[in-house]
1. Applying the Karplus parametrisation 6.51 cos²θ - 1.76 cosθ + 1.60 with θ = phi - 60° to the phi angles of region 24-31, what ³J(HN,Hα) value in whole Hz is obtained for each residue in order, glycine and proline being reported as x?
2. How many nm is it between the label spots at residue 127 and residue 80, if each spot is 7 Å from the Cα in line with the beta carbon?
3. From Cα pairs below 8 angstrom and at least 6 apart in sequence, can you work out the relative contact order of region 1-79, rounded to a whole percent?
4. Students often get this wrong, so try it: which of [x] 67, 28, 26; [y] 52, 35, 28; [z] 44, 38, 28 is Cα extents along the principal axes in Å as calculated from the structure shown?
5. Please sort 39-46, 22-29, 58-65 by packing, taking for each peptide the average over its residues of neighbouring beta carbons within 10 angstrom, highest first.
6. Given the -39500 (n - 2.57) contribution per DSSP H run of 4+ residues, what per-residue ellipticity at 222 nm results for the chain, rounded to the nearest 500 deg cm²/dmol?
7. For region 1-140, calculate the relative contact order in percent as a whole number, restricting contacts to Cα pairs under 8 Å that are 6 or more residues apart.
8. Any chance you could run the full-extension gain for residue 102 through residue 8? It's 0.36 nm times the residue separation minus the Cα-Cα distance, nm to one decimal.
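We did not get these values from a lab; they are worked out from the coordinates using the rules stated. For clarity, every value in this text was computed on a predicted model and none was experimentally measured. As a convention, Cβ positions derive from the backbone with ideal geometry for all residues, glycine included, and neighbour counts pool all protein chains shown.
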Amino acid sequence: MDATPGFRFREPGALQDGELHVALTRRAPGDSGKGLAPSYWFTLRVGGKDAGVVNLRIGFGLEIEMYEGHIAYTVYPQFRGHHYAERACRLLLPLAREHGLKTLWITCHPDNHASRRTCERLGAAFVEVVVRAAAETSDMTLEGDGERCRYRIELGTK
């Protein structure tokens with residue numbers, strides 16, 4: 001079941017920044033029963049090799065805004081230090097705008113200094129550190145990761 005009434009996936013087109021290619025690998029429909037927003041999954045590719053992943057969630061609500069964020073990314077260790085996460089996020093901003101997002105949230109663990117720096121390089125504003133109550137269930141809580149830094153990017157209508 002789709003978590004966003006009337007939601008339709010769009011074609012993101014070619015997403016490239018220099019040697020970085022952001023390739024769509026799947027679309028995941030939302031599931032309101034599970035609290036899941038529709039999402040796009042991409043693989044970061046550099047020199048024909050997989051360098052990481054990035055996920056764009058299209059939705060609204062407490063879970064996304066406080067804990068999960070609209071964008072999540074991982075850059076594999078051997079590819080770090082080239083700003084691939086930042087560059088991939090920039091390539092996804094127009095797609096987020098096409099879906100009507102005016103504010104985009106990114107969250108990360110307070111100790112993840114590289115991810116925090118990525119948010120800052122994107123121009124995201126640090127909002128706060130939030131702690132999920134132990135009684136709330138999520139993958140983060142189950143893994144013992146209840147603290148999240150929240151960053152906000154105002155997309156406007158560019």
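1. Running phi through 6.51 cos²θ - 1.76 cosθ + 1.60 with θ = phi - 60° gives 5, 10, 6, 10, 10, x, x, 9 Hz.
2. 2.6
3. Values: 143 pairs, mean separation 18.8, N = 79.
The value is 24 percent.
4. Here Cα extents along the principal axes in Å agrees with entry [z].
5. On the way: 39-46: 19.8, 22-29: 14.6, 58-65: 16.9.
Highest-to-lowest ranking by the protection proxy: 39-46, 58-65, 22-29.
6. -5000 deg cm²/dmol
7. After rounding, I find 18 percent.
8. The span from residue 102 to residue 8 would gain 32.1 nm if fully extended.
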